[in-house]
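Student: Here's a structure for you.
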Ligand code: SF4
Ligand code: SF4
């Protein structure tokens, strides 16, 4: 089961929730006891916030494998090119141009679709990897960990997130708990992180700003992608009751409330996961996972009916 933890904006406690969820699933007695084949259930955690990954600060994984990722862009052999302009004609993204006896490639516009290569009449184009970042994986104790990091100055995060997910998530994940920590906001990188999830957990604050961004996140997750959503209210008790009223109106379940607590902020600033600083939260996060699993099962049954 894949759960994406997202929020309309940064600083709402999204990573705190995602990390706590993964650690609590790993420590849950039922999961330690093992699955049907007797193997302990090991959650998989992906930090998809490739512009600023920070979950590793809390999980402190040992990285075992790393590779460069990017996208294939065209490279033109001037010996074979006849400057016919076909490549520029077929490129929908204006990422390649033929100017006199020169072919110019604009990697930042290229989507790696391969049309230019396919349509070049002389085979002058080969595809080379334009490195955009790295993806890594390893283990943080009982939690399998993976993250992507985008190189400074790269314009597109989506290809890195897509390759991270393809590399780290097994093709048939079944019921294995998989937690994805999404980038902040509601732009394309967030959509890519939500795509394919079974459930989107939205972390928000009970303030007008929190409500504004929550609405946008619900619009993307539920209305555009058709995914079931639930809300965690962080710093519960500050602000107003606008988020609660909105959730009630929209039929969105509030699955957990985390009160404003100085100890949580202190643990965060020291890179200590919430459930390690306050172990009483483990049970609550394990129960949160069970609640999400029940809702996903129900949604599947409803879809089959
Ligand atoms: S399609 Fe091929 S031959 Fe024609 S201009 Fe482009 S690279 Fe050169
Ligand atoms: S790979 Fe696609 S997007 Fe990139 S230059 Fe060729 S046609 Fe354009």
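Student: So for the pair residue 89, residue 300, with labels modelled 7 Å out along Cα→Cβ, what separation do we get in nm?
Tutor: It is 5.0 nm.
Student: Also, I was wondering about something else. Nearest 5 is fine: what % of DSSP beta bridges in the chain come out antiparallel, could you say?
Tutor: 50 percent
Student: Take the Cα of residue 225, step 7 Å along the line toward its Cβ, and report every residue of region 159-185 whose backbone nitrogen sits under 12 Å from that point.
Tutor: 162, 180-185, by backbone N distance to the label point.
Student: Moving to a separate point now. Which distance in nm do the two modelled labels at residue 131 and residue 52 give, with both placed 7 Å along the Cα-to-Cβ direction?
Tutor: According to this spin-label approximation, the distance is 2.5 nm.
Student: Here is a further query. Which of 267, 168, 294 ends up with the largest GNM mean-square fluctuation for the chain, with Cα atoms connected below 10 Å?
Tutor: Looking only at 267, 168, 294, the biggest GNM fluctuation is shown by 294.
Student: Taking the Cα centroid of region 34-95 and of region 147-177, what is the distance between the two, rounded to the nearest whole Å?
Tutor: 6 Å
Student: Another question about this same structure. May I ask you to derive the FRET efficiency for residue 118 and residue 293 from their Cβ-Cβ distance with R0 = 51 Å, giving the value to the nearest 0.05?
Tutor: Here the calculated transfer efficiency is 0.70.
Coordinate-derived values only; no laboratory data. Predicted, not measured: the structure shown is a model, and the values here were computed from it. A quick note on method: Cβ atoms are made from the backbone with ideal geometry, for glycine too, and the neighbour counts reach across all protein chains shown.
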